[in-house]
2 protein chains.
Amino acid sequence: MIFSSKAEYGVRLMVELGRQPPGHPTSLKAVAEAEGLPLAYLEQVVARLRKAGLVMSARGAHGGYWLASPAEEISMDEVVQALEGAIAPMECFVNEHTERVLCSHEPDAGRGCATKLLWTRVQGGIIRSLQQTTLADLVEFSRRGEHTGSPVFSRRGEHTATAA
Amino acid sequence: MIFSSKAEYGVRLMVELGRQPPGHPTSLKAVAEAEGLPLAYLEQVVARLRKAGLVMSARGAHGGYWLASPAEEISMDEVVQALEGAIAPMECFVNEHTERVLCSHEPDAGRGCATKLLWTRVQGGIIRSLQQTTLADLVEFSRRGEHTGSPVFSRRGEHTATAA
DNA sequence: CTAAATCCTACCAGCGCGGTCGGTTAACCG
DNA sequence: CGGTTAACCGACCGCGCTGGTAGGATTTAG
């Protein structure tokens, strides 16, 4: 699996918050029951979203969480990044290396990793997909859930410039 | 990390085979030494590639492995698939579901997983990236690196330009 | 004050990953 | 033939991460 359940739960949480009318907070308990997820674990998940500034919170009775921005302005790139950490296809990619990565197995002979070319393309593909989807897309999708599976796929023109 | 080191090692192995002149097999030992990888582990990795029909083998003295097809005809999609199994962003995606996935946490209320829309897009992004890259691309990339005699990443990670 | 909620830290079982080991079979070479 | 090389196979194993729990401390509405 590419993404862990942190991402799954976190995205669901965000969608759930996006479905709520603005103005009052939603408690984690309500979300946990609606989605059938363990409350205690959700706490850890939402903490990441909060630290990333994607949701805001109020403590105490009648407290809860709400989106820090309108769903239209939240790219799923930010959400997944907050939940999973940096999108890195491979070890070499973890930190924003300035230059000269040397991914441990790299031979000190002339050439560098040829694989890096591949992982770079894949990383680009993933990030583009995430950036092109907003939370509002998912909220809308969840609203007309019981309809026939309409072709919701690439709503932004076409396959973009993914280098054919 | 999105891909395990199986993918890393396997892709390197394929590149190494692609660099060899055709006609005679290359032993795993040679590959292991060239790339600095554990031989015993490489055996497991190459077994997957063989079972997928991407490489062929000859046993006995002077045996070894070679590409089953010309590098130009091998899409990295096939390679990664053979090494990592199906490209599935999430549990729900593991098997070729006809319809109605019901990913365990899916609420039996009206709507289906909104997250599925997201994971589908991501999966598409990954697979497209992989399909658009052939083994020959990587082989050529690795050759460019050694001809100049200088590191491949000479221009501040600008190699993404070659990716497009 | 009390209940409801966020917040925080520590802890734990299971499992997949990366890797090793020992052995068997097959082919070439002298 | 007999030795050597190298593919093939399956069992095993430590470690770290994932998914999840436990228990408490803090904040706030009523």
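Residue pairs whose Cβ atoms lie under 6 Å apart, separated by 6 or more positions or on different chains, with the first residue in region A:30-53 and over 15 Å from A:Tyr65 (Cα atoms) and the second aromatic (Phe, Trp, Tyr), are A:Leu37/A:Tyr9. The residues of region B:14-41 that are open to solvent by 20 Å² or more (accessible area, probe 1.4 Å) and within 11 Å of DNA strand C (Cβ to nearest atom), listed by number, are B:His24, B:Pro25, B:Gly36, B:Pro38, B:Leu39, B:Ala40, B:Tyr41. Taking (1) within 30 Å of B:Gly145 (Cβ to Cβ); (2) surrounded by 12 or more Cβ atoms within 10 Å (Cβ to Cβ) in turn, A:Glu72 satisfies each apart from (1).
Each residue in region B:1-15 was checked for being in a loop (DSSP other than H, G, I, E, B) and away from DNA strand D (no atom under 12 Å from the Cβ), and 1 pass. For region B:41-53, filtered to residues that are within 14 Å of B:Ser5 (Cα to Cα) and not β-branched (Val, Ile, Thr), the residue that is nearest to DNA strand D (Cβ to nearest atom) is B:Glu43.
Just the residues that are surrounded by 18 or more Cβ atoms within 10 Å (Cβ to Cβ) and assigned to a helix (DSSP H, G or I), please, taken from region B:42-66. Talk me through it step by step, then tell me what you get.
Of region B:42-66, the ones surrounded by 18 or more Cβ atoms within 10 Å (Cβ to Cβ) are B:42, B:45-46, B:48-49, B:54-55, B:64-65.
Result: B:Leu42, B:Val45, B:Val46, B:Arg48, B:Leu49.
Can you confirm whether A:Ala114 is facing another protein chain (nearest Cβ under 7 Å) and at pLDDT below 90?
yes
Pairing residues of region A:137-152 that are in a loop (DSSP other than H, G, I, E, B) with residues that are surrounded by 15 or more Cβ atoms within 10 Å (Cβ to Cβ) and modelled with pLDDT of 90 or more, at Cβ distances under 9 Å and at least 6 apart in sequence or on separate chains, gives A:Val152/A:Asp137; A:Val152/A:Glu140; A:Val152/A:Phe141; A:Val152/B:Leu117; A:Val152/B:Thr120. When B:Gly18, B:Gly23 are checked against the criterion of being more than 8 Å from DNA strand D (Cβ to nearest atom) and not in a loop (DSSP other than H, G, I, E, B), a single residue qualifies: B:Gly18.
The values are calculated or read from the model by the stated rules, or taken from the named source; none is laboratory data. These numbers were taken from a predicted model, which means no experiment stands behind them. Virtual Cβ from ideal backbone geometry, glycine too; neighbours counted across all protein chains shown. All accessible areas refer to the heavy atoms of the entire protein, side chains included, with ligands and DNA or RNA removed. Shrake-Rupley method; radii C 1.70, N 1.55, O 1.52, S 1.80 Å.
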